[in-house]
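One structure below.
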Amino acid sequence: MSSKDPLCVQIAALGGQGGGVLAEWLAEAARHAGYPGQMTSIPGVAQRTGATTYYFEMYPQAHCSEKPVFCLSPDADGLDLMIAMEPLEATRALENGLITKRTTVLSATSRIYSMVEKSVAGDGAIGSDILFEALEGAAKNVALLDLDTISAKAGGPGNAAMFGAIAGSQILPMTEQDYQAAIRIKGVAVEASLEDFAAGYKRARAPKPVEPASTSLHFDKVPAGFENEIAALPEMMRELAAHACANLLDYQNEAYVRLFLSRLKPFADAAGDLIIEVVRRLGSWMAYEDVIRVAQLKTRPGRLARIRGEIGIDQEAPLQVTEFLKPGREEFASLMPFAIGERMMKKHSSRSTFGMALRLPTTTVFGFGVLKVLAGLRWWRPRTYRYQYEQKAIECWLGAVEEAMKIAPELSFATTELAVLARGYGGVRARGMEKLDELFTNWSDKLANDPVALKIEVEKILNQARHDPDRECGKQG
Amino acid sequence: MSAALKALTRERSFAREAEKLLLGEGDEFHGEAILAVTKALLQAGVSYVGGYPGAPVSHLMDVLADARDTVLEPYGIHFEQSASEAGAAAMLGASINYPLRGAVTWKSIVGTNVASDALSNLASAGVKGGAVVVIGDDYGEGASVIQERTHATALKSSLPLIDPRYDMPTIVDMTEHAFELSETCNLPVLLSLRIRACHMTGSFICKENRPALRKRQNTALSPDFDYTRIVLPPSTYAQEKAKVEERLPAARRYIQSNQLNEVFKGQGGRHGIIMQGGTYGVVMRSLSRLGHGDVFGNSDIPLLVLNVVHPLVPEEITSFLEDKDSVLVVEEGHPAFIEDQIRSIIHQADMSCTVYGKNVIPTTGEYVTPVVRAGIATYLSALADTVIAKKTKERNSAIEKRVSVARDNKPGQPLPPRPPSFCTGCPERPIFSAFKLIMADRGPLHISMDIGCSTFATLPPFNMGNTVLGYGLSLASSGAIAGSLDQPAIAVMGDGAFWHNGLATGAINAQWQGMDAVLIILDNGYASATGQQHLPSTGATPIGEPVQISIEKALRGIGVQWIRHVDSYDIKGTRAAVEEALDVRGKGLRVIMSGNECMLAKKRRGNAIKAVALAEGESVRNARYGVDAEICTGDHSCMRMNGCPSLTLKPATDPLKDGPTAHVDNNCAACNLCGENAHAAQLCPSFYKARGVVNASALQRWRASLNMRMLKMMGAS
């Protein structure tokens, strides 16, 4: 047979990402240049935010006298070009056998998380690195595009920038002008699209694509006056401990930072990963989000400016910000002196969602003032019921970790992780605290008697805390 | 809301597509296949068109609805968006007594099932005018319905079934042939296109459109009474006989004499492939990849392409198989009707030929290229012709090897699925948040679910809705369960489902039986899942006539007393109404109408208005929700209560955080569900709603700056 092979292109997108328009542009570009081609799609109900797939085939000889027979689905090892508006969807094509050493992959770098990933309490997200690595290994060529930064207009769908990258990749035989003509013929947001197209084209022609910027963690510096204490810590925990100290100084005061540092002492000689985990969990727990802390964060300078940016208005434009707060018995009790608070919390059910549903207008003098007064109660915090309750719980947990280190070291890391149960607000947190209380009762006996069974139980609790934290309240999900 | 505004909200405007329907003799049409079929209907001179929207054939109806002035009226075509597929099939009754050509369309298998009563009667009575059903077969990847074959309906009702080769001129030809065939054999004809085929692009050379019969003849028809067309005994016995002895044989003669099925002889040999027309492209691609064909459709292997898959013409089969030892039948779906019939034809003709089919290609699932290529490779590798067998094996294993090497790189963890879900700001979602809270208090409830966007509640994060029995059937399916559970019957249906089947089969029956039931109607104004087609309660017909039929009045009319309206975004109010409905046992049918316009439609219209206002420098309000990342602890309770696509994750920058925090992205529609959930479930204080004004007036800006100055004195910025 003397004929050439058709060029096969799959486009994967999610509903709303402009995959349909991208596919139409592509088909139009080939048609404009005189290449026979055929496009199809399977949007179905998947257009409502699910994965959508578009498939395009063309024959690489313009104005061909014979008519090619095109196919409506790609073969395995059958793609010349895989376009993905989301990297997980590119990797799905790899899983389906469509991406091989024949395939050039153009993928957006930004993850759009699936419901399954979002539902996990904690970190259920699949990191882009894993996906990129898989694609790099399998495909002939991979170009990763941070469409958010390439696109001239932020917040746009990025499909025109991707279209430019397709042109720039030069896998298909059309010229830059053919692609641009397609945008004009289709007639949707022509000028903005041409601008994005040019940016995408340039990006794909750049000799060595820049690595996508991954979000890096931000560590605060050692607060003044604590340099020596931090320097005295084992090296691997210094950076994180310094960050935690800065955070706690902001949260309370120097004395509280010292309390944190003194609580770390028993773990100075522990294994590396355990130390880090203790610092992270303890630093996080000691800065528990009480009413005072929430008010402090909500009145933080710069917050309103950030929100203005989010809704796209300048610094002088009218702005209304409304907070959704629902203080209940727990929140009121948390501000009371210990004895009163304790009495208030007796017989309080963790299932209760009773409270005062407040819509607090932070952008009014009254609303901001209320939060500011609450934020100003930091001096009072150590006298509150909540403070004493939390410190007791923290001591109890740290004690449990210490005992685990002594009696059953294999359990010490998981025990540290149990602090995850102290996370959250409302019912989720209340149930977590109940669970901790129950677990740490007779802890040393449990450790000594049957560490194997205990390890299984702890793993089970951790697993539930991450994947199914709502279960105890009778919810199905 | 005005009808004109509603018209702005349709998912796509079809004005450009509608222009293509007016192309004349010799013009080149380029576009989607479903639109080409619509053009072919006009070329065939249809007098009426109807149908019920559903992917992948909704466009046929959407385009015509937008073309009242350009197509429907000038050509004198009667157009209806039928009440259901049964209604659409009944429309074809116009062709029983009169030489009127007509076509209807729906999604199959579900639409065919709903239509089957009318279809059976129609097929039995027989037609004078060409009656064609354009079937969108929703099978395989992206399908949203049960996986069954329309072929079974064709067999039992003796309906010719066309499954054309996916080449645009062939599809158009076959559509026109469908009318001729129908008139020749007096049977309604099914023309089936798969999802990918409906959306495929291509070109063909047009013919002139033919106006409807009335327009052509310019005289009215006179009423015709013919008892032999009535489906009552003894006519029915005669009709049954006619189907077998006259109509199907006439169909076979037409198929044969017009060579609707195609033979590609290839290089000859004692082997061959028989396939449904719709699988031709996949077969051809498989052959070219295995080295036995090229991209121009030249195949070394003999092929018989069945563009009409029912009825088969035995002579065509035996003549193709005359010199063959074996044949592969490529037939998508189960049961393998064609394969079995071919075996039977071979047996009856006393021939000897081994039939391959479901033994080498999987019985179920879509016949995409990898599946068919592997099956064809298995067949060809086993041939006595060693040249073919060897080449096939080499080519196929090279492909498989490249795939397996590439696949070795796939991530160690399984990739999460990405099913469809409620859109950003969807008004149908909040009620399931309310149900989560109710179930947290009362324990699980059995909820009978319906077809429509609300079916997505069965997926995470809600995981509720215990059964789905069909469109408009949720209430009907709940009656027998409730008594055995300690709860009233609870059914959820959309407004589309209510009008399709829910009023008669569900509400009237429940009211009549005094059923202890709670019906929740999600009233968003459109048939949203299929593209926001209009409904009787929308406010305007599909072609824009302002007519509105009230759901509430319909319910009051049948005597329902207990009806509550709730704002769908008001969780507290919804919850209270649902709990009240659950608790007033013994009061018969209780209905809660949870209403708000489909957010897609609302946003599309809002965005259009906003863009104009911004361009003209008028002041525009921007609103959205946000999350304070510092306050979010990352337990993601909000995700599990909500499920909104724009409520998502953001990697934490604070190393003390335990994983990503919640984040509201730019698509937020400010529907208020995040705030409502934060209150109702007492989630956390991270959420805020921000409202701002772009292009504010001087006075507004002055007041804002005064306010900001005071806040600044208190430390804000």
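The values are calculated or read from the model by the stated rules, or taken from the named source; none is laboratory data. Remember, predicted model here, so these are calculated numbers, not experimental data. All Cβ positions, glycine included, derive from the backbone under ideal geometry; neighbour counts span all protein chains shown. These area figures cover heavy atoms from the full protein model, side chains too; ligands, DNA and RNA do not enter into them. Shrake-Rupley method; radii C 1.70, N 1.55, O 1.52, S 1.80 Å.
Note on the protein assembly as shown: dipole from Cβ charges, positive end direction compared against B:470, B:179, B:573; the farthest Cα belongs to B:573. Each Lys and Arg adds +1 at its Cβ and each Asp and Glu adds -1 at its Cβ; summed about the Cα centre, chain A shows a dipole of about 1580 debye. If you bin all the Cα-Cα distances of the stretch B:121-189 at 5 Å, starting from zero, the percentages per bin are 3, 16, 22, 23, 18, 12, 4, 1.
Measuring with a 1.4 angstrom probe and ignoring ligands and nucleic acids, residue A:245 comes out at about 0 Å² accessible. Computed over chain B, relative contact order equals 10 percent, with contacts defined as Cα pairs under 8 Å that lie 6+ residues apart. For the stretch B:13-256, the Cα-based Rg and Dmax, in that order, read 16.9, 51 Å. For the stretch B:447-511 versus the stretch B:251-274, the spacing of their alpha-carbon centroids is 48 Å. Restricting the stretch B:597-635 to GluC sites (Glu not before Pro) that sit in a DSSP loop and have at most 14 other Cβ atoms within 10 Å of their own Cβ leaves B:616, B:618. If the segment from residue A:206 to residue A:221 were pulled out straight at 0.36 nm per residue, it would be longer than the present Cα-Cα gap by 1.7 nm. With viscosity set to 0.890 mPa s at 25 °C, what whole-number translational diffusion coefficient in µm²/s follows for the stretch B:575-717 from Stokes-Einstein and a Kirkwood radius over Cα pairs? Using the Kirkwood radius from Cα pairs, D works out to 132 µm²/s. Distance from the alpha carbon centroid of the stretch A:11-89 to that of the stretch A:388-412 works out to 58 angstrom.
Accessible area per residue was computed with a 1.4 Å probe on protein heavy atoms; residue A:32 scores about 90 Å². Per-residue shielding of B:159-166, expressed as the average number of other chain Cβ atoms within 10 Å of the residue Cβ, stands at 1. The eigenvalues of the Cα gyration tensor, multiplied by 5 and square-rooted, give the stretch A:7-205 an equivalent ellipsoid with semi-axes of 26, 20, 15 Å from largest to smallest.
Using a cutoff of 8 angstrom between alpha carbon atoms and counting only pairs six or more residues apart, the relative contact order for chain A works out to 10 percent. In order along the stretch B:568-579, the Karplus-derived 3J(HN,Hα) couplings, from 6.51 cos²θ - 1.76 cosθ + 1.60 at θ = phi - 60°, round to 4, 7, 8, 5, 5, x, 4, 4, 4, 5, 5, 5 Hz, and Gly and Pro are given as x. The figure for residue B:593 is an accessible area of roughly 10 square angstrom, using a 1.4 Å probe on the protein chains alone.
For GluC sites (Glu not before Pro), the sites in the stretch B:159-235 that DSSP calls loop and that have at most 16 other Cβ atoms within 10 Å are B:208.
Size descriptors for the stretch B:677-717: radius of gyration and Dmax over Cα atoms are 14.9, 41 Å. Among the GluC sites (Glu not before Pro) in the stretch A:249-353, those located in a DSSP loop and surrounded by at most 16 other Cβ atoms within 10 Å of their own Cβ are A:316. The mean sequence distance of close C-alpha pairs (under 8 Å, at least 6 residues apart), as a share of the length of the stretch B:310-434, puts its relative contact order at 18 percent. With no solvent and one equal point scatterer per Cα, compute the Debye intensity ratio I(q)/I(0) for chain A at 0.13 Å⁻¹ and report its log10, rounded to two decimals. Rounded to two decimals, the profile gives -1.18.
Residue-wise HN-Hα couplings along the stretch B:691-707, as the Karplus relation 6.51 cos²θ - 1.76 cosθ + 1.60 with θ = phi - 60° gives them from phi, are 10, x, 10, 8, 6, 5, 6, 4, 5, 4, 5, 5, 5, 5, 6, 4, 4 Hz; Gly and Pro carry x.
Could you tell me the center-to-center distance, by alpha carbons, between the stretch B:374-437 and the stretch B:13-42 in angstrom? If you average the Cα positions of each part, the centres end up 34 Å apart. Note on the stretch B:371-470: the alpha carbon radius of gyration divided by the globular reference 2.2 N^0.38 Å gives 1.92. Over the stretch B:429-598, the fraction of Cα-Cα pairs per 5 Å bin, rounded to whole percents and listed from the shortest bin up, is 2, 9, 19, 24, 23, 14, 6, 2, 1, 0.
Counts of other chain beta carbons within 10 angstrom of each beta carbon in peptide A:99-105 average 3. Each of B:662, B:454, A:271 was placed along the dipole of the protein assembly as shown (beta-carbon charges, centred on the mean Cα), and the one lying farthest toward the positive end is B:662.
The angle separating the long axis of helix A:235-251 from the principal Cα axis of greatest extent in chain A is about 70 degrees. Taking the Kirkwood radius as Rh and the Cα radius of gyration as Rg, the stretch B:1-131 has a ratio of Rg/Rh equal to 0.98. The orientation-averaged projection of the convex hull spanning the C-alpha atoms of the stretch A:96-234 amounts to 13.8 square nanometres. For the protein assembly as shown, the ratio of Cα radius of gyration to the globular rule of thumb 2.2 N^0.38 Å stands at 1.03.
These residues, B:301, B:508, go from largest to smallest accessible area, 1.4 Å probe, as B:508, B:301.
Each Lys and Arg Cβ is given +1 and each Asp and Glu Cβ -1; about its Cα centre, the stretch B:429-598 then shows a dipole of about 200 debye. Rounded to the nearest Hz, the phi-derived 3J(HN,Hα) couplings of the stretch A:53-62 under the Karplus curve 6.51 cos²θ - 1.76 cosθ + 1.60 (θ = phi - 60°) are 10, 10, 9, 10, 10, 9, 9, x, 9, 5, where x marks glycine and proline. Taking a quarter of the surface of the Cα convex hull of the stretch B:139-271 gives a mean projected area of 13.2 nm².
With N counted as the residues of the stretch A:272-365, its alpha-carbon radius of gyration over 2.2 N^0.38 Å works out to 1.46. Shielding value for B:196-206 is 5, the average number of Cβ atoms from other chains within 10 Å of each residue's Cβ. Of all aspartates and glutamates in the structure, those lying under 18 Å Cα to Cα from residue B:207, and not within fewer than 8 positions of it along the same chain, are B:17, B:19, B:25, B:27, B:28, B:32, B:167, B:173, B:176, B:180. Between residue B:585 and residue B:548, the contour length at 0.36 nm per residue exceeds the Cα-Cα span by 10.1 nm. Helix B:168-185 and the longest principal axis of the C-alpha atoms of chain B enclose an angle of approximately 70°.
For residue A:262 and residue B:712, a Förster radius of 25 Å and the Cβ-Cβ distance give a FRET efficiency of 0.05, rounded to the nearest 0.05. For residue B:410, the lysines whose Cα comes closer than 16 Å to its Cα, not counting residues fewer than 8 places off in the same chain, are A:101, A:140, B:401. With the gyration tensor restricted to C-alpha atoms of chain B, the semi-axes of the equivalent ellipsoid amount to 50, 33, 27 Å, longest first.
Pairs of alpha carbons in the stretch B:283-416 separated by more than 20 Å make up 52% of all such pairs. Each eigenvalue of the Cα gyration tensor of the stretch B:441-500, multiplied by 5 and square-rooted, gives one semi-axis; in descending order these are 19, 15, 8 Å. A P(r) calculated from all alpha carbon pairs of the stretch B:475-518, with 5 Å bins opening at zero, reads 6, 25, 34, 21, 11, 3 percent.
Please go through the residue pairs B:20/B:603; A:118/B:689; A:326/B:572 and name each one whose alpha carbons sit more than 23 Å apart in this structure. Going by Cα-Cα distance, B:20/B:603 fall outside the 23 Å limit.
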